[in-house]
Amino acid sequence: MVGITECHAAIIGSGPAGLSAALLLGRSCRNVVLIDDGHARNYAARSVNGYLGVRHASPAELRDIGRTQIAEVGVANVDGEVISARRCGGEDCRFEIVVAGGASVVARKLLLATGVQDALPRLQDIDKFYGKGVYHCPYCDAWEHRGQHLIAFGDETSSVKLGLSLKTWSQKVTICSNGRELSASHREHIAHHGIACRPEAIVGLKGRGGFLSTVEFESGPAVECGAIFFSGVQRQRSRLAQALGCEADADGLITTGIDKSTSVPGLFVAGDAGCKVQFAIVAAAEGAIAATSINRELQKEDLAETEVLDGRE
């Protein structure tokens, strides 16, 4: 697509939130453009777990299914990175989105479903095992490793909290604080719950058959394990919300109303970018909420315009 395309709604991001919103808006007979650069938060996941009705589908497979569905209801897919987005002034406020390659989309409403990005811990070979024994979400991946030896990795407070939560899935849990000693109160607390602690720095991760199997430390014996779960930093994957003037909370998540609207009129956010409960199925639900909210706003505007034209103002 080159040139300028006008539409009712533009959606940036084709994860579960963006695809769900596009599907409902398309089924509402809206002219919709979905823009995506192909970079997903869950790129390393082998399957999308906990998504009702979906079994053993990878994130890429779920995305392909969604893109096929939205194409069937007339949604236009645009592959590319969004270079800029701005809200045009005047009474007829619209959004202008510029995509790499020269395409430009002008939309009455804009939905950001751009998600967040996880910062992986700085451990040797962690990229090799991310999604294959190294995870950030127990709800998404711990069931596959239930009953196995699980490692909780993070700073003192976060690793203790994560280690205690992992007891839901396994009775054998070890906290790795990577060179930081736990306080006496924390050591006493985790010992009471049968959780071990290895404060030595991690110097390497080893695998078997492509999956994580061993954690090595700068001193002391290595630990055989089924999985490492880490508590790390996440950040907005896109700066568009900030550039458009959206408000954010103390955790950096975009502030939205129950209808997924933001502090910027006509701009909505759905999915992980504005939600603390970050599951694929929750993102899809948020996309549906945003779509109905966008359609209601469009309906009100369309009806008001008709009433003006008919002299019923």
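Read the figures in this text as sums done on the coordinates, not as results from a lab. Fair warning: this is a prediction, and the values are worked out from it, not measured in the lab. Don't worry about glycine lacking a Cβ; one is built from the backbone with ideal geometry, like all the others, and counts go over all protein chains shown.
Angle of helix 156-166 to the longest C-alpha principal axis of the chain, folded into 0 to 90 degrees and rounded to 10: 90°. Rounded to the nearest whole angstrom, the semi-axes of the ellipsoid equivalent to segment 120-230, taken from the Cα gyration tensor as √(5λ), stand at 20, 16, 12, largest first.
Listed options for mean projected area of the Cα convex hull in nm² are [x] 17.4; [y] 18.7; [z] 16.5. The value calculated from this structure is the one marked [y].
For the peptides 32-39, 258-265, 121-128, the ranking by mean Cβ contacts within 10 Å, running from highest to lowest, is 32-39, 258-265, 121-128. Left without a cysteine partner by the 4.7 Å Cβ rule in the chain: CYS7, CYS29, CYS88, CYS93, CYS176, CYS197, CYS225, CYS246, CYS275. Rounded to the nearest 10 degrees, the inclination of helix 59-72 to the longest alpha-carbon principal axis of the chain is 10 degrees.
Summary of packing: across the peptides 132-141, 177-186, 98-107, the per-residue average of other C-beta atoms within 10 Å ranks them, highest first, as 132-141, 98-107, 177-186. For the listed peptides 73-84, 275-286, a ranking on the average number of other beta carbons within 10 Å per residue, highest first, reads 275-286, 73-84. If one takes the longest principal axis of the Cα atoms in the chain, at what angle in degrees, from 0 to 90 and to the nearest 10, does the Cα axis of helix 16-27 lie? The helix 16-27 is inclined about 20 degrees to the chain. Per residue, the Cα convex hull of segment 155-292 amounts to 163 Å³.
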